[in-house]
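The values are calculated or read from the model by the stated rules, or taken from the named source; none is laboratory data. Here the structure is a predicted model, which is why all the values come from computation and not from measurement. No Cβ is skipped: glycine too gets one built from the backbone with ideal geometry, and neighbour counts run over all protein chains shown. For accessibility, only protein heavy atoms count, side chains too; no ligands or nucleic acids. Shrake-Rupley method; radii C 1.70, N 1.55, O 1.52, S 1.80 Å.
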Amino acid sequence: MAGHFEATPGGGAAVALDEVEIAILRSLAVQLLELIGPGDEPAEGDDPLAALFAEGPSEPPADPALARLFPEAYGDEDDELRAASSEFRRFTENDLRTRKREDALVVVRTLDALTPAGDGAAVLTLTADECRSWLGSLNDLRLTIGTRLEVSDEDDGEEGSLYRLPDSDPRKPMVMAYLWLGALQETLVETLMP
């Protein structure tokens, strides 16, 4: 079980994590929460029902990582598609941000609830719902890190790819985190497949 998820009864999954892995995952999830930003809570006295129908932003985020997390719906080839994307974003981005925020909070809360053994390691056991949140958050973390590293499809086969960076390269820790998150995500997906 060390380093990869295994299925548990009831549709959940479990993985053994050491204290460094727990700290890294928690830190990354908190950074993701900071990137996504706080939720818009209705002001005291505001109608909570009206808040459900509040419109979101109509322009894509300027930050490339946020633009990757909240992509354009229809591209931007022409004015008509740009207008359709803008309209779609206005009515969907707030809900998508809320879901991504809730997924990252599940990661933080499940890690905080761990009781490490004397060696600092612990077994993280997730319910089926927590697994879905973890999958979403692992995906968001990989998209964010991949965007920051400018990972592309060409990186898989090039000689000078990010995957073969020397240890002295300052990007190396983020590449290692990117690859590790991908392995965690892959094993979690495999445990949830029938």
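According to the square roots a ≥ b ≥ c of the eigenvalues of the Cα gyration tensor, what is the shape class of the stretch 71-160, taking rounded for a/c under 1.5, prolate for a/b larger than b/c otherwise, and oblate for the remainder? Don't skip to the end; give the middle numbers.
Numbers: a/c = 3.93, a/b = 1.57, b/c = 2.50.
Here the stretch 71-160 falls in the oblate category.
Amide H of residue 3 versus every other amide H placed in the peptide plane: which residues, excluding those fewer than 5 positions away on the same chain, fall under 5 Å?
16
To the nearest 10 degrees, how steep is helix 128-149 against the longest Cα principal axis of the chain, on a 0 to 90 scale?
Compared with the principal axis, the helix lies near 80 degrees.
Once phi is turned into θ = phi - 60°, what whole-Hz ³J(HN,Hα) does the Karplus curve with 6.51, -1.76 and 1.60 give for every residue of the stretch 60-65, x standing for Gly and Pro?
The phi angles translate into x, x, 6, 5, x, 5 Hz.
Quick one: Debye curve from the alpha-carbon atoms of the chain only, equal weights, vacuum; give me log10 I(q)/I(0) at q = 0.10 Å⁻¹ to two decimals.
Ignoring solvent entirely, the Cα scatterers give -0.52.
Provide the gained length on full extension for the span residue 150 to residue 169, in nm with one decimal, where the gain is 0.36 nm per separating residue minus the Cα-Cα distance. Numbers along the way, then the final one.
Working: separation 19, 0.36 × 19 = 6.84 nm, distance 1.48 nm.
Taking residue 150 through residue 169 to full extension adds about 5.4 nm, to one decimal.
Let me spell out the model: positive unit charges on the Cβ of Lys and Arg, negative unit charges on the Cβ of Asp and Glu, origin at the Cα centre of the chain. What dipole size does that give, in debye rounded to 20?
Working: 16 positive and 40 negative charges, 132 e Å.
That gives the chain a dipole magnitude of about 640 debye.
Heavy-atom accessible area per residue, the stretch 99-194, 1.4 Å probe: how many Å²? All intermediate terms of the calculation are to be shown ahead of the outcome.
Working: 5330 Å² over 96 residues.
I get 56 Å² per residue for the stretch 99-194.
How high is the relative contact order of the chain? Use alpha-carbon pairs under 8 Å, at least six apart in sequence, and give a whole percent. Walk me through the numbers before you get to the answer.
Numbers: 222 pairs, mean separation 60.4, N = 194.
Here the relative contact order equals 31 percent.
In degrees between 0 and 90, to the nearest 10, how far off the longest principal axis of the chain does helix 19-36 point, with axes built from Cα atoms?
0 degrees
If each DSSP helix of 4+ residues adds -39,500 (n - 2.57) and the sum is divided by the residues in the chain, what number results at 222 nm, nearest 500 deg cm²/dmol?
Helix contribution divided over all residues of the chain: -18500 deg cm²/dmol.
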